[in-house]
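Participant: Could you have a look at this structure, given as structure tokens, before my questions?
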Amino acid sequence: MTSHTTFRAALLDPTRAVPDGLQNTDGSPATKRFNVYRNNIAVSLTEALEAGFPVIRKLVGDTFFRAMAGVYLRAHPPKSPMMTLYGDVMPEFLEGFAPASSVPYLPDMARLELALRHSYHADDAAPVNPDALAQIAPDALPQVTFSFAPAVHLVASRFPLHSIWQANTQGGDIAKTPQPTLITRPALDPLADALTLPQAAVTQSLMKGIPLGQAVRQGGSGFDLGPLLALILQRNALISLRT
């Protein structure tokens, strides 16, 4: 009999021989049937990656993406039967994948596309009232901590990530400055918003539970908190405020 480990390894590696013990009804080796099954597995996993990373696929082209997917799926087989989130280590894979090094923002794009998927599948959570902050006494505001909805993600980047993503999904020009991206889900589908570097630094601190007064310092002198708070509230990103 063939061990599970050997069978699984052979399924994901076309260079491996058909495992011993696999036979047709007439007792002959089931080489052809196994190869068909092995090919179907590879095709299914490749299609799952194509569906999960449409912008990366567009950036590198179909031929390159499928070849890259073949390398990925053999190095990182699924850990769950649910294919909706397959590709969870794609950012780290791309950081070490030499053929893709000429497009240095691919790992960040993978993080953005993963964040969008995770946001879509995250649990629902009731947002705070839009005027919740206004109801807190001014002298208590610096001590307020924020709790964010499960669908909220912040994707850091030194590239104009948001505009690259937008140009490849909706069209438009690519910015010249870094664009960390905030992922929220105010309704049914996730939204992506570009942040400035100071806004991202403040948001990251708030997401760690750092009080508002300390978090604002991460934005530097002269940081205007108003636009960031307006965006966070508009996107239903907050589920509670604590003093």
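Participant: Please arrange 117, 66 by counting, for each residue, the other beta carbons lying within 10 Å of its beta carbon, fewest first. Please report the intermediate quantities before stating the final value.
Facilitator: Numbers: 117 20, 66 17.
The most exposed by this proxy come first: 66, 117.
Participant: Now, a different point. For the pair residue 197/residue 173, report the inter-label distance in nm, with labels modelled 7 Å from Cα in the Cβ direction.
Facilitator: 2.1 nm
Participant: With a sphere of radius 9 Å drawn around the Cβ of residue 87, what net charge do the other residues whose Cβ falls strictly inside it have (Lys, Arg +1; Asp, Glu -1)?
Facilitator: Details: positive: 117; negative: 88, 113.
In short, -1.
Participant: Out of the trypsin sites (Lys or Arg not before Pro) in the stretch 171-243, which ones are loop residues according to DSSP with at most 13 other C-beta atoms within 10 Å? Present the calculation step by step, with values, prior to reporting the outcome.
Facilitator: Details: sites: 176, 208, 217, 235, 242; in loops: 176, 208, 235.
Sparse-neighbourhood loop trypsin sites (Lys or Arg not before Pro): 176, 208.
Participant: Among residues other than residue 111 whose Cβ falls under 14 Å from its Cβ, what is the net charge (Lys/Arg +1, Asp/Glu -1)? Don't skip to the answer; put the middle values down first.
Facilitator: On the way: positive: 117, 158; negative: 88, 92, 95, 108, 113.
Residues close to residue 111 contribute a combined charge of -3.
Participant: Ratio of Rg to Rh for the stretch 124-243, alpha carbon only, Kirkwood? Don't jump to the answer; show the numbers that get you there.
Facilitator: Details: Rg = 14.6 Å, Rh = 14.9 Å.
With Rg and the Kirkwood Rh in hand, the quotient comes to 0.98.
Participant: Here is a follow-up. Can you work out the Karplus-derived ³J(HN,Hα) for every residue in the stretch 123-135? Use 6.51 cos²θ - 1.76 cosθ + 1.60 with θ = phi - 60°, whole Hz, and x for glycine or proline.
Facilitator: 5, 6, 8, 6, x, 6, 5, x, 9, 4, 5, 5, 7
Read-outs: derived from the displayed coordinates by stated rules, not from any lab. Every value quoted in this text rests on a predicted model; they were computed, and no experiment measured them. Cβ coordinates were reconstructed from backbone atoms using ideal geometry, including for glycine residues, and neighbour counts include every protein chain displayed.
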